[in-house]
Amino acid sequence: MNRQLSQQEIDAVFQNLEDRKGNHKVVQKGVRFDFRRLDRIAKSQLRAIHLLHDNFVRNLGSSLSAYLRSYLTVNLVSVEQLAYAEFLEGLPSPTCIVSLGLKPYEGNAALELNPSLIFPILEMLLGGNGKNPAIVQREITEIEEHLLDGLLRIVLHDLTEAWKGVTAIDFQIETMEKQPSLLQILAPNEAVVAVGVEIRIGDSTGMMNMAMPAIIIKMMQQKFEQQWSVRKAESTPAEQSRMLRFLRDASVELDSRLEGVGFSVEDLVNLEAGDILSFDHPLNRPLDFTVNGKLKFKGQVVAFGNERAFVVENPA
(Lines give C-alpha, C1' and ligand atoms only; values in the text may rest on other atoms or scores of the structure.)
Protein backbone atom coordinates (compact mmCIF):
# COMPACT_ATOMS: atom_id res chain seq x y z
CA MET A 1 0.00 0.00 0.00
CA ASN A 2 1.63 3.18 -1.15
CA ARG A 3 0.02 6.46 -0.06
CA GLN A 4 1.46 9.96 0.29
CA LEU A 5 0.78 11.81 3.59
CA SER A 6 -1.00 15.11 3.44
CA GLN A 7 0.42 18.29 5.01
CA GLN A 8 -2.10 18.13 7.87
CA GLU A 9 -1.05 14.58 8.72
CA ILE A 10 2.63 15.57 8.70
CA ASP A 11 1.91 18.49 11.07
CA ALA A 12 -0.05 16.16 13.36
CA VAL A 13 2.90 13.73 13.55
CA PHE A 14 5.32 16.47 14.59
CA GLN A 15 2.83 17.81 17.09
CA ASN A 16 2.52 14.36 18.69
CA LEU A 17 6.28 14.06 18.92
CA GLU A 18 6.52 17.39 20.74
CA ASP A 19 3.75 16.38 23.12
CA ARG A 20 5.55 13.15 23.98
CA LYS A 21 8.78 15.00 24.74
CA GLY A 22 6.86 17.35 27.00
CA ASN A 23 8.36 20.31 25.22
CA HIS A 24 5.48 22.75 25.51
CA LYS A 25 6.67 26.16 24.56
CA VAL A 26 4.96 28.94 26.46
CA VAL A 27 4.41 31.92 24.26
CA GLN A 28 5.03 35.11 26.24
CA LYS A 29 3.62 38.37 25.10
CA GLY A 30 6.02 41.28 24.88
CA VAL A 31 5.69 44.08 27.41
CA ARG A 32 6.25 47.66 26.38
CA PHE A 33 9.21 49.22 28.17
CA ASP A 34 9.29 52.95 28.70
CA PHE A 35 12.91 54.05 28.94
CA ARG A 36 11.74 57.30 30.59
CA ARG A 37 10.13 55.57 33.54
CA LEU A 38 11.31 56.90 36.89
CA ASP A 39 12.64 53.91 38.78
CA ARG A 40 16.10 55.20 39.61
CA ILE A 41 15.67 55.66 43.36
CA ALA A 42 14.66 52.94 45.82
CA LYS A 43 11.60 53.44 47.99
CA SER A 44 13.72 53.17 51.12
CA GLN A 45 15.80 56.13 49.94
CA LEU A 46 12.65 58.14 49.23
CA ARG A 47 11.50 57.46 52.79
CA ALA A 48 14.85 58.72 54.07
CA ILE A 49 14.46 61.90 51.99
CA HIS A 50 10.95 62.32 53.43
CA LEU A 51 12.33 62.08 56.97
CA LEU A 52 15.12 64.52 56.15
CA HIS A 53 12.66 67.14 54.90
CA ASP A 54 10.40 66.52 57.90
CA ASN A 55 13.24 67.90 60.01
CA PHE A 56 13.72 70.72 57.50
CA VAL A 57 10.12 71.98 57.69
CA ARG A 58 10.14 71.92 61.50
CA ASN A 59 13.21 74.15 61.61
CA LEU A 60 11.92 76.34 58.79
CA GLY A 61 8.67 77.03 60.65
CA SER A 62 10.60 78.40 63.64
CA SER A 63 13.03 80.38 61.48
CA LEU A 64 10.34 82.05 59.36
CA SER A 65 8.17 82.83 62.38
CA ALA A 66 11.10 84.64 63.98
CA TYR A 67 12.06 86.41 60.73
CA LEU A 68 8.54 87.62 59.92
CA ARG A 69 7.59 88.13 63.60
CA SER A 70 4.35 86.29 63.00
CA TYR A 71 3.12 82.76 63.63
CA LEU A 72 3.00 80.52 60.58
CA THR A 73 2.81 76.79 59.96
CA VAL A 74 4.97 74.75 57.59
CA ASN A 75 3.95 71.23 56.54
CA LEU A 76 5.59 68.66 54.30
CA VAL A 77 3.01 67.64 51.70
CA SER A 78 4.75 65.26 49.31
CA VAL A 79 8.03 63.66 48.24
CA GLU A 80 7.84 61.93 44.86
CA GLN A 81 9.69 61.16 41.65
CA LEU A 82 8.68 63.03 38.52
CA ALA A 83 10.02 63.99 35.15
CA TYR A 84 11.32 67.55 35.17
CA ALA A 85 8.73 68.50 32.56
CA GLU A 86 5.94 67.21 34.85
CA PHE A 87 7.35 69.22 37.74
CA LEU A 88 7.28 72.43 35.70
CA GLU A 89 3.76 71.75 34.43
CA GLY A 90 2.46 71.64 38.01
CA LEU A 91 3.74 75.15 38.81
CA PRO A 92 1.69 78.33 38.45
CA SER A 93 2.63 80.99 35.94
CA PRO A 94 3.87 83.61 36.65
CA THR A 95 5.75 82.59 39.76
CA CYS A 96 9.17 82.92 41.40
CA ILE A 97 11.51 80.04 40.59
CA VAL A 98 15.26 79.99 41.19
CA SER A 99 18.10 77.76 40.07
CA LEU A 100 20.22 76.43 42.94
CA GLY A 101 23.84 75.37 42.71
CA LEU A 102 24.65 72.14 44.55
CA LYS A 103 28.38 72.44 45.22
CA PRO A 104 30.43 70.24 45.37
CA TYR A 105 28.04 68.23 43.17
CA GLU A 106 27.56 69.06 39.51
CA GLY A 107 24.10 70.06 38.41
CA ASN A 108 21.32 72.32 39.65
CA ALA A 109 18.13 72.08 41.68
CA ALA A 110 14.99 74.22 41.40
CA LEU A 111 13.17 76.08 44.18
CA GLU A 112 9.76 77.66 43.50
CA LEU A 113 7.62 79.97 45.66
CA ASN A 114 3.97 80.40 44.72
CA PRO A 115 2.59 83.95 44.25
CA SER A 116 -0.04 83.11 46.89
CA LEU A 117 2.89 82.81 49.32
CA ILE A 118 5.21 85.52 48.04
CA PHE A 119 2.90 88.54 48.18
CA PRO A 120 1.65 88.02 51.78
CA ILE A 121 5.31 87.71 52.85
CA LEU A 122 6.24 90.88 50.93
CA GLU A 123 3.33 92.67 52.62
CA MET A 124 4.64 91.61 56.04
CA LEU A 125 8.17 92.69 55.19
CA LEU A 126 6.80 96.14 54.27
CA GLY A 127 4.90 96.51 57.55
CA GLY A 128 1.54 94.87 56.80
CA ASN A 129 -0.03 91.92 58.56
CA GLY A 130 -0.03 89.60 55.53
CA LYS A 131 -3.51 88.32 56.35
CA ASN A 132 -5.16 89.54 53.17
CA PRO A 133 -6.35 86.36 51.38
CA ALA A 134 -6.56 88.11 47.98
CA ILE A 135 -4.38 86.36 45.38
CA VAL A 136 -2.21 88.64 43.22
CA GLN A 137 -1.49 87.32 39.74
CA ARG A 138 1.46 89.29 38.43
CA GLU A 139 5.21 89.00 38.11
CA ILE A 140 7.34 90.28 40.96
CA THR A 141 9.41 93.41 40.37
CA GLU A 142 13.17 93.83 40.75
CA ILE A 143 12.66 95.64 44.07
CA GLU A 144 10.54 92.74 45.34
CA GLU A 145 13.24 90.31 44.23
CA HIS A 146 15.74 92.08 46.52
CA LEU A 147 13.22 92.01 49.39
CA LEU A 148 13.01 88.21 49.02
CA ASP A 149 16.78 87.75 49.42
CA GLY A 150 16.52 87.50 53.22
CA LEU A 151 13.71 84.95 53.00
CA LEU A 152 15.60 82.79 50.50
CA ARG A 153 18.77 82.89 52.63
CA ILE A 154 16.81 81.52 55.60
CA VAL A 155 15.27 78.75 53.48
CA LEU A 156 18.64 77.73 52.03
CA HIS A 157 20.34 77.87 55.43
CA ASP A 158 17.80 75.47 56.97
CA LEU A 159 17.97 73.28 53.87
CA THR A 160 21.76 73.09 54.13
CA GLU A 161 21.53 72.20 57.83
CA ALA A 162 18.98 69.46 57.12
CA TRP A 163 21.19 67.86 54.46
CA LYS A 164 24.31 67.97 56.65
CA GLY A 165 23.23 64.69 58.25
CA VAL A 166 23.71 63.01 54.86
CA THR A 167 26.22 65.14 52.98
CA ALA A 168 27.51 68.70 52.86
CA ILE A 169 25.77 70.65 50.07
CA ASP A 170 26.27 74.37 49.52
CA PHE A 171 22.91 75.58 48.16
CA GLN A 172 23.49 78.86 46.29
CA ILE A 173 21.11 80.94 44.15
CA GLU A 174 22.36 81.22 40.58
CA THR A 175 19.43 82.59 38.55
CA MET A 176 15.84 83.65 39.18
CA GLU A 177 13.00 83.40 36.66
CA LYS A 178 9.35 84.40 36.66
CA GLN A 179 8.13 81.78 34.16
CA PRO A 180 8.74 78.07 34.97
CA SER A 181 9.29 77.21 31.31
CA LEU A 182 12.31 79.55 31.19
CA LEU A 183 14.26 77.59 33.82
CA GLN A 184 15.67 74.78 31.68
CA ILE A 185 18.31 73.38 34.02
CA LEU A 186 17.50 69.75 33.12
CA ALA A 187 16.23 67.80 30.14
CA PRO A 188 12.40 67.54 30.11
CA ASN A 189 12.44 63.76 30.63
CA GLU A 190 15.14 63.88 33.32
CA ALA A 191 14.02 62.36 36.62
CA VAL A 192 13.83 64.61 39.68
CA VAL A 193 12.77 64.19 43.30
CA ALA A 194 10.04 66.76 43.89
CA VAL A 195 9.34 68.01 47.44
CA GLY A 196 6.15 69.95 48.16
CA VAL A 197 5.93 72.15 51.28
CA GLU A 198 2.79 74.00 52.35
CA ILE A 199 3.18 77.31 54.22
CA ARG A 200 0.18 78.92 55.92
CA ILE A 201 0.24 82.55 57.01
CA GLY A 202 -3.05 83.69 58.52
CA ASP A 203 -5.74 83.05 55.90
CA SER A 204 -3.19 82.72 53.10
CA THR A 205 -1.77 79.37 52.04
CA GLY A 206 0.95 78.83 49.48
CA MET A 207 3.30 76.13 48.26
CA MET A 208 7.06 75.97 48.11
CA ASN A 209 8.26 73.33 45.66
CA MET A 210 11.75 71.92 45.24
CA ALA A 211 13.21 69.58 42.64
CA MET A 212 16.59 67.84 42.88
CA PRO A 213 18.07 65.71 40.08
CA ALA A 214 17.50 62.05 40.83
CA ILE A 215 20.92 61.16 39.47
CA ILE A 216 22.61 63.24 42.20
CA ILE A 217 20.50 61.64 44.94
CA LYS A 218 21.31 58.24 43.45
CA MET A 219 25.00 59.04 43.94
CA MET A 220 24.30 59.57 47.67
CA GLN A 221 22.72 56.15 48.20
CA GLN A 222 25.57 54.86 50.35
CA LYS A 223 25.56 58.03 52.45
CA PHE A 224 21.81 57.68 53.04
CA GLU A 225 22.33 54.09 54.19
CA GLN A 226 25.04 55.19 56.61
CA GLN A 227 22.91 58.06 57.93
CA TRP A 228 19.71 56.16 58.60
CA SER A 229 21.24 52.88 59.74
CA VAL A 230 21.20 52.13 63.47
CA ARG A 231 24.37 53.44 65.02
CA LYS A 232 25.64 54.84 68.27
CA ALA A 233 25.05 58.57 68.47
CA GLU A 234 28.03 60.74 69.35
CA SER A 235 27.31 63.76 71.54
CA THR A 236 29.36 66.93 71.45
CA PRO A 237 31.04 68.36 74.58
CA ALA A 238 28.49 71.19 74.56
CA GLU A 239 25.60 68.68 74.59
CA GLN A 240 27.24 66.72 77.41
CA SER A 241 27.68 69.90 79.47
CA ARG A 242 24.06 70.88 78.87
CA MET A 243 22.77 67.47 79.99
CA LEU A 244 25.00 67.61 83.08
CA ARG A 245 23.40 70.92 84.09
CA PHE A 246 19.97 69.31 83.89
CA LEU A 247 21.09 66.30 85.95
CA ARG A 248 22.85 68.17 88.77
CA ASP A 249 19.67 68.53 90.85
CA ALA A 250 18.49 64.95 90.28
CA SER A 251 18.49 62.55 93.27
CA VAL A 252 19.68 58.94 93.22
CA GLU A 253 19.46 56.07 95.73
CA LEU A 254 22.77 54.69 97.05
CA ASP A 255 23.06 51.28 98.68
CA SER A 256 25.89 49.07 99.98
CA ARG A 257 25.12 45.40 100.46
CA LEU A 258 26.81 42.53 102.26
CA GLU A 259 25.93 39.54 100.11
CA GLY A 260 25.72 36.14 101.87
CA VAL A 261 24.21 32.69 101.76
CA GLY A 262 20.52 31.92 101.26
CA PHE A 263 18.14 31.91 104.21
CA SER A 264 14.81 30.09 104.55
CA VAL A 265 11.62 31.86 105.62
CA GLU A 266 11.21 29.36 108.50
CA ASP A 267 14.62 30.28 109.93
CA LEU A 268 13.79 33.96 109.50
CA VAL A 269 10.56 33.57 111.48
CA ASN A 270 12.36 31.69 114.29
CA LEU A 271 15.06 34.33 114.76
CA GLU A 272 15.47 35.56 118.35
CA ALA A 273 17.57 38.19 120.07
CA GLY A 274 21.19 37.04 120.41
CA ASP A 275 21.16 34.68 117.39
CA ILE A 276 24.25 34.89 115.19
CA LEU A 277 23.98 34.91 111.37
CA SER A 278 26.85 33.85 109.15
CA PHE A 279 27.03 35.78 105.85
CA ASP A 280 29.99 33.80 104.50
CA HIS A 281 31.70 37.03 103.34
CA PRO A 282 35.46 37.43 103.97
CA LEU A 283 36.47 40.66 105.72
CA ASN A 284 38.98 41.54 103.00
CA ARG A 285 36.49 41.15 100.13
CA PRO A 286 35.20 44.54 98.79
CA LEU A 287 31.49 45.27 99.16
CA ASP A 288 29.16 46.15 96.29
CA PHE A 289 27.98 49.75 96.00
CA THR A 290 24.83 50.25 93.88
CA VAL A 291 23.31 53.40 92.38
CA ASN A 292 19.56 53.10 91.78
CA GLY A 293 19.91 49.33 92.02
CA LYS A 294 22.77 49.07 89.50
CA LEU A 295 26.26 47.98 90.58
CA LYS A 296 28.71 50.87 90.08
CA PHE A 297 31.58 50.63 92.58
CA LYS A 298 33.51 48.34 94.93
CA GLY A 299 34.71 49.43 98.39
CA GLN A 300 34.41 49.11 102.18
CA VAL A 301 32.05 50.32 104.90
CA VAL A 302 33.91 52.43 107.48
CA ALA A 303 33.13 54.43 110.62
CA PHE A 304 32.80 58.19 110.10
CA GLY A 305 32.31 59.71 113.54
CA ASN A 306 29.02 58.34 114.82
CA GLU A 307 27.96 57.49 111.24
CA ARG A 308 28.76 54.76 108.77
CA ALA A 309 30.31 55.64 105.38
CA PHE A 310 31.45 53.89 102.25
CA VAL A 311 34.96 54.21 100.84
CA VAL A 312 35.02 53.79 97.03
CA GLU A 313 38.05 51.74 96.06
CA ASN A 314 37.47 51.10 92.34
CA PRO A 315 34.71 50.97 89.72
CA ALA A 316 32.73 47.74 89.44
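Could you pull out the residue among VAL98, VAL79 that is in the same structural domain as LEU52 (by TED's automatic domain parsing), surrounded by 13 or more Cβ atoms within 10 Å (Cβ to Cβ) and farther than 20 Å from LEU182 by Cβ?
Working: VAL98 fails: farther than 20 Å from LEU182 by Cβ.
Of VAL98, VAL79, the one residue that is in the same structural domain as LEU52 (by TED's automatic domain parsing), surrounded by 13 or more Cβ atoms within 10 Å (Cβ to Cβ) and farther than 20 Å from LEU182 by Cβ is VAL79.
Quick one: is GLU177 in the same structural domain as GLY150 (by TED's automatic domain parsing), acidic (Asp, Glu), modelled with pLDDT of 90 or more and touching a Gly at 6+ places or on another chain (Cβ under 9 Å)? Walk me through how you get there before you give the answer.
Values: in the same structural domain as GLY150 (by TED's automatic domain parsing): yes; acidic (Asp, Glu): yes; modelled with pLDDT of 90 or more: yes; touching a Gly at 6+ places or on another chain (Cβ under 9 Å): no.
When the stated conditions are applied, GLU177 does not pass them.
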Just to be sure I understand, how many residues within region 196-218 are in a strand (DSSP E or B), of a type in the set (Val, Ile, Thr) and within 19 Å of LEU52 (Cβ to Cβ)? 2
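For region 40-69, which positions are among the charged types (D, E, K, R), surrounded by fewer than 13 Cβ atoms within 10 Å (Cβ to Cβ) and either within 15 Å of the chain's Cα centre (by Cα) or in a helix (DSSP H, G or I) (or both)?
Residue satisfying the conditions is LYS43 alone.
Among the residues in region 135-158, are any at positive phi and touching a helix residue (DSSP H, G or I) at 6+ places or on another chain (Cβ under 8 Å)? Can you show your working first?
Let us first name the residues in region 135-158 that are at positive phi, namely none.
No, every residue in region 135-158 fails to be at positive phi and touching a helix residue (DSSP H, G or I) at 6+ places or on another chain (Cβ under 8 Å).
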Taking interchain pairs and intrachain pairs at least six residues apart, which have beta carbon atoms under 7 angstrom, with the first residue in region 114-128 and free of Cβ contacts under 8 Å to residues at least 60 places away in the same chain and the second crowded, with 19+ Cβ neighbours inside 10 Å? GLU123/GLY130
For region 215-244, name all the residues that are among the charged types (D, E, K, R), under 30 Å from TYR84 (Cα atoms) and either modelled with pLDDT of 80 or more or loosely packed, with under 12 Cβ neighbours inside 10 Å (or both). LYS218
Only one of GLY128, GLY107, GLY90 is at positive phi and surrounded by fewer than 20 Cβ atoms within 10 Å (Cβ to Cβ), namely GLY107
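The values are calculated or read from the model by the stated rules, or taken from the named source; none is laboratory data. Keep in mind that what you see is a predicted model, and the values were worked out from it rather than measured. All Cβ positions, glycine included, derive from the backbone under ideal geometry; neighbour counts span all protein chains shown.
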